[in-house]
Structures are given as C-alpha cells and as structure tokens.
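A short write-up of the structure that comes next.
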Amino acid sequence: MKTSLYPFLMLLLIVSLVGSFYCQKKETITADGTYQDLVEFFKEWREFEKPNFKNGVPDYTAEAMAEQESRIPEFEKRLAAMDTSDWTISQKVDYEIVRAEINGLKFNHQVLKPWSRNPLFYAVVQMHEQDVPAREGPEIDGVLNVFQHRFPLNEESQAVFKKKLTAIPSVLAQAQKNLVHKAGDLWFFGIRQKKGESADLAALAERFEGRHPELTDLALEAKSAVDDFTTWLEEKQKGMKSFSGIGKEEYSRYMKKVHLVPYSWEEQMELIQRELERSLAALKMEEHRNRDLPQLQPPQSLKERKEQYKNSVAKFMKFLRSEEIFSVPEYMHLDDEVGSFTPPKELDFFSHISYRDPLPLLCHQVHWLEKQRMARNTHPIRGKPLLYNIWDSRAEGLATGFEELMMQAGLLEDRPRARELTHIMLAFRAIRAIGGLKLHSGEWTLEEAVDYAVEKTPRGFVSPDSRTIYGDYALYLSQPGYGTSYVIGKLQLDRLIKDRALQLGDEFRLKDFFDEYFSLGMIPASLIRWEMTGLDDQMKKLWE
C-alpha cells in the first residue's frame, strides 16, 4: 500500500513546488512590473469595464453589476502591486490615469449607481456629435449614434441601424427592472430626455420612409417603446423625493480619487464665487469703457448670419497661426457653415452670445481642433478618451480659459463690445457651477438653482424655460464635477501658465507652452501640471 502511494505522493509534491514557484514568479513579475505591463493591464481593464451583451442588449441587471463589483478588488490589488518607483513621471502619470478609472467604476457601484438610479443613463439615440472626447455624462454601451452615419445609408450602416433599433424595446424593458433607486430630479430629466428621443425616432422613421421600409417600422417600434417608458417614468416619479445629489463629502471624495481635482466641494465653491465676482466686475469696467459705442445686435436673416460666422471663423484661425498661439497643422479646421437661423426672440444663452459676435465663443471651439488632434493620437493609454469624463478639467478648463486668454492675447482688440461677451460667459459658467454644487449638497432645489441662473446671468440671457440651463443641470447631477470643471479647470490652466513661466523666465514662449500641453493628451489638469513642471504638490494632496 505504501509502495503504491509513493509515486502519487511524489507527484503531488512536485506539482505543489512547481505551483508555488509559479505563483511566486507571477507575484514577482506583478510587483516589479514594467510600464509595458501597465499597458497590457490597461487593455484587460478596459475589456472588463464593458458590460456583457445579450441579444444586442447591454446587461446592467443587478446580478451582472454585483458580479462586476465583486471583481474590482482584483484589479486594485494587481495595480497596487506594481512598483513604479523607477518609472518616469510620464509613466507614473499613466499609472494614475488607470487608477482613477478603477476608482471611477468603484464609485459608480458604491454611490452613483447610474444603471439603477438615473433614467438618463438609458439613452438610446444620439443625433449630434459632442465637441468633447466622449459623451458628457454616463450612458449605456450600444447607443445608436446617428451622427456617425451618412444618408442615404449604405449596407453596413443599415445593418447597424437595424441591430440597434431592434434592441431599444429590450433595453428599456430591462431599464424598468433595473431602476429601483429614487432620485426625483434625475427622473424628471429622464422624462425630458425620452420625449426628445421620441421626436428624434419619429424624424428618423420619416427619413427612412420610401427608402428603407424595414427601418421605418423598427424606428416606429422603438418610438413606441420610448413613449411607454416615458409613461412609466412619469407614474413612478410622482411623489418621489427630488434630491438627486451625492452630498459634499462624497462629492469631494469623487473629485480627489476619480477626477484628480485637488479641491473639495467647499474649496471649489470659494474659488468659483471669486471668479463670479471678478467676471462681473470686469464686465462693468468693459461696459464703462465702451459706453459710447453701439450695442451689439443679432443678425436679422440667415444670409447675414452666414456671412457673420464665416468671417469670424476665418479671423479666428488666422489669429491662431499669425500670432503663434500653437502649432496648427494643415488638417485642422473649423466648420464655417450655418444651416439654420434662430429668430432673436428664441435665442438661448449661447446663441445670444454667438449671434451678437461669434468670435468669443469660437475660442471655446478649440474643442473641435482638439478632437482632430486626438483622432491621430496612438498612445496606448492616453490615445483613448478616459472613462467617466475624467478629462473634464482638461477639456472644459482649456476651452473656457481659452476665451479669456485669446481676448488678452489681442483677438478682440478691434471688437471692444465682444470683450463684454467673454466676461458674461465666464459669469454664466460660474453661476451654473454654483447651482450644480448646491444641488449636490441639497441646499437648493432644482427650481431654486434655475431661478438663481435666471436672476444672476447678465442681460437676461437665461430665460426660465431655457433648454441650456435645464440640460446643464441634468448633466451636473449625473456627472458630479462637470459643472465646476469649466471654471476650476480654467484656474488650473492659469496656474500652470504661471508655474511654467516662472520656471522658464525669458525663455517662456506661448506656442512652445501649448504645443507641449497638447502633446500630453486629454488627461486631468493636475497630471499635466505634474508632468510639465515636475511640481507634485497637487499630487501629494490627491495621494493623502
């Protein structure tokens, strides 16, 4: 008996020793991981983060989300085991990006829970491309992005439309089971969103008619499903507590651990209040300076609007090149076509601005130039839009900061009244950021936040039924920090210019600054500052 067991026991011992050696070897490789290990880890992480699909429908059921949440600690442990002490700052920045994304998914499961709390998450059709790296706010995988296709549809696009339109009723049927948490304001915004989607699907059905009869029927079926879902939301939302924020403490934690913004709720409120005061004071000085000049008036026809806009785009692009603001490759351009005209009485905030003079707001359209640059970015980590809008302080901070920077650089020297518009835009962004902060803290109701924007925005450019302000607050409640990113990101850019100028002294050149800035990709402003200057004071605050 002993003789017969001996070979078997020896085999078990050998297997055990080999397994022990393998595990130690694997742990050693992870702990001493190279940068390339991080790149491979990132690829695996991105695949894990995606939901599973069943018959073309993304799975956000409670069971699927519980399974995903249970595996997050594996990724945290493996990432933490990597020894980055000998890595370059650039490589360490990429490490922080990956860690922030993992923290983002973890925060979604712990706090935001968009799949069970936010009807806006279940967007099914998007008609227009956004000017930032990815869709603002959370949304399901598999949305029908109409703007990605040209009409008339080719066979490949027809197949995409068929697949995604077919899935919409099932997506919304699952949403009714998944949405179990009450957040009245988010449900209110979800109802508004679905009514817009219903109109979009009706327009698609009409567009398909006579050319793609099968798609016509599918679009109408999808519309019917959206309408039924809207009715369900309206019934469930009755009597629901409106508060949909996450509170000051969680807001501050989210800023620090996910968006890598080194300012708490309270610190952001203080900074933004100061910017509001500064912008309003500057506006009064501009108005005094220009008191003898005629007020800017919006165009009265589509022809006038087209000419106004085309000339402004040409001036803006020429200014970037001639004043050496940053390198402008041949592929970079801004669309200068105008296809519609809004009567003066129907203008909303940004059309009030652009119709009076397009140039100040065109500075914000640096977004589109950035997208063209990003489309050519092959970096294994930074070449992809970061998840959970982690790029917001960089994208919106630059675009907002660029408005004032270009004014200071001389873009509006021959258009003094347009300078007033730049100050008004900053004031508005501060006003809506304050509203977003107080919605999250629970200090204001949605009605109070809207009233504040209507009352405080200069010249009555925000009306009580403004689609802009309602759309903004829907986003800010869905994506904490987005509303403040315009102003806080701008302040971070100001600080970075100051830091770099102090380091370089007389060697500082704006073009060199922005070329280096852009080369680092669409990543949080705190990481760009660390990489460009080597200063890690903000990072230490984030690491606390």
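The values are calculated or read from the model by the stated rules, or taken from the named source; none is laboratory data. Remember, it's a predicted structure, so these values are computed and weren't measured experimentally. With ideal geometry, Cβ positions are generated from the backbone for all residues, glycine too; neighbour counts draw on all protein chains shown.
Test Asp94 against the stated conditions and say whether it is more than 29 Å from Phe229 (Cβ to Cβ), outside any helix (DSSP H, G or I) and not basic (Lys, Arg). For Asp94, the condition - more than 29 Å from Phe229 (Cβ to Cβ), outside any helix (DSSP H, G or I) and not basic (Lys, Arg) - is not met. The lone criterion from (1) within 29 Å of His212 (Cβ to Cβ); (2) touching a residue at least 40 places away in the same chain (Cβ under 8 Å) left unmet by His149 is number (2). Residue count for region 193-218, restricted to those that are assigned to a helix (DSSP H, G or I) and surrounded by fewer than 17 Cβ atoms within 10 Å (Cβ to Cβ): 9. Among the residues of region 73-90, the ones that are surrounded by fewer than 17 Cβ atoms within 10 Å (Cβ to Cβ) and not charged (D, E, K, R) come to 8 in all. When region 263-298 is filtered for residues that are charged (D, E, K, R) and either surrounded by fewer than 18 Cβ atoms within 10 Å (Cβ to Cβ) or assigned to a loop (DSSP other than H, G, I, E, B) (or both), the ones remaining, listed by number, are Glu266, Glu267, Glu270, Arg274, Glu277, Arg278, Lys284, Glu287, Arg289, Arg291, Asp292.
For region 126-170: of the residues being of a type in the set (A, V, I, L, M) and in a helix (DSSP H, G or I), which is nearest to Ser116 (Cα to Cα)? Going through the qualifying residues, I end up with Ile168. Might you let me know whether region 472-492 holds any residue that is at negative phi, without any contact (Cβ under 8 Å) to a residue 60 or more places away in the chain and surrounded by fewer than 18 Cβ atoms within 10 Å (Cβ to Cβ)? No, that holds for no residue.
Each row is one residue, and each column tells you yes or no for (1) at pLDDT below 95; (2) over 27 Å from the mean Cα position of the chain (by Cα); (3) under 17 Å from Ile381 (Cβ atoms).
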| residue | (1), (2), (3) |
| --- | --- |
| Phe48 | no, no, yes |
| Pro51 | no, no, no |
| Gly56 | yes, no, no |
| Thr61 | no, no, no |
| Ala64 | no, no, no |
| Pro73 | no, no, no |
| Thr88 | no, yes, yes |
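Looking at region 100-132 only, could you name the residues that are of a type in the set (Lys, Arg) and in contact with a helix residue (DSSP H, G or I) (Cβ under 6 Å, 6 or more places away or on another chain)? Matches in region 100-132: Lys106 only. Taken as a whole, the structure places Pro152 among residues that are of a type outside the set (A, V, I, L, M), over 18 Å from the mean Cα position of the chain (by Cα) and at pLDDT below 95. With respect to the conditions (1) in contact (Cβ under 8 Å) with a residue 60 or more places away in the chain; (2) in a helix (DSSP H, G or I); (3) touching an Asp or Glu at 6+ places or on another chain (Cβ under 7 Å), Lys310 falls short on a single one, namely (1).
Tell me, please, whether a residue that is among the charged types (D, E, K, R), at pLDDT 95 or above and touching a Lys or Arg at 6+ places or on another chain (Cβ under 9 Å) can be found in region 27-39. No: zero hits. Of the residues in region 321-341, at least one is over 19 Å from Ala399 (Cα atoms), in a helix (DSSP H, G or I) and in the same structural domain as Phe513 (by TED's automatic domain parsing). Looking only at region 52-90, count every residue that is within 28 Å of Asp536 (Cα to Cα) and charged (D, E, K, R) and tell me the total. Qualifying residue count, region 52-90: 5. For region 351-358, state whether one or more residues are within 22 Å of the chain's Cα centre (by Cα), farther than 30 Å from Glu101 by Cβ and in a helix (DSSP H, G or I). Looking for residues that are within 22 Å of the chain's Cα centre (by Cα), farther than 30 Å from Glu101 by Cβ and in a helix (DSSP H, G or I), one finds at least one in region 351-358, hence yes. Inspect region 117-137 for any residue being in contact with a Lys or Arg (Cβ under 8 Å, 6 or more places away or on another chain), over 24 Å from Leu527 (Cα atoms) and surrounded by fewer than 14 Cβ atoms within 10 Å (Cβ to Cβ) and give the result as yes or no. Checked against the condition, which is being in contact with a Lys or Arg (Cβ under 8 Å, 6 or more places away or on another chain), over 24 Å from Leu527 (Cα atoms) and surrounded by fewer than 14 Cβ atoms within 10 Å (Cβ to Cβ), region 117-137 yields no hits at all. Counting only residues that are in a helix (DSSP H, G or I) and closer than 16 Å to Ala433 by Cβ, region 459-481 holds 11 of them.
Might you check whether a residue that is under 22 Å from the mean Cα position of the chain (by Cα), more than 18 Å from Trp265 (Cα to Cα) and polar (S, T, N, Q) occurs anywhere in region 442-460? No - not one qualifying residue is present in region 442-460. Taken over region 68-83, the criterion of being farther than 15 Å from Glu49 by Cα and of a type in the set (Phe, Trp, Tyr) is satisfied by no residue. If the condition is being of a type in the set (Val, Ile, Thr) and in a helix (DSSP H, G or I), then region 482-534 contributes Thr484, Val487, Ile488, Ile497, Ile528, Thr533. Number of residues in region 365-381 that are touching an Asp or Glu at 6+ places or on another chain (Cβ under 6 Å) and either part of a helix (DSSP H, G or I) or at pLDDT below 95 (or both) equals 2.
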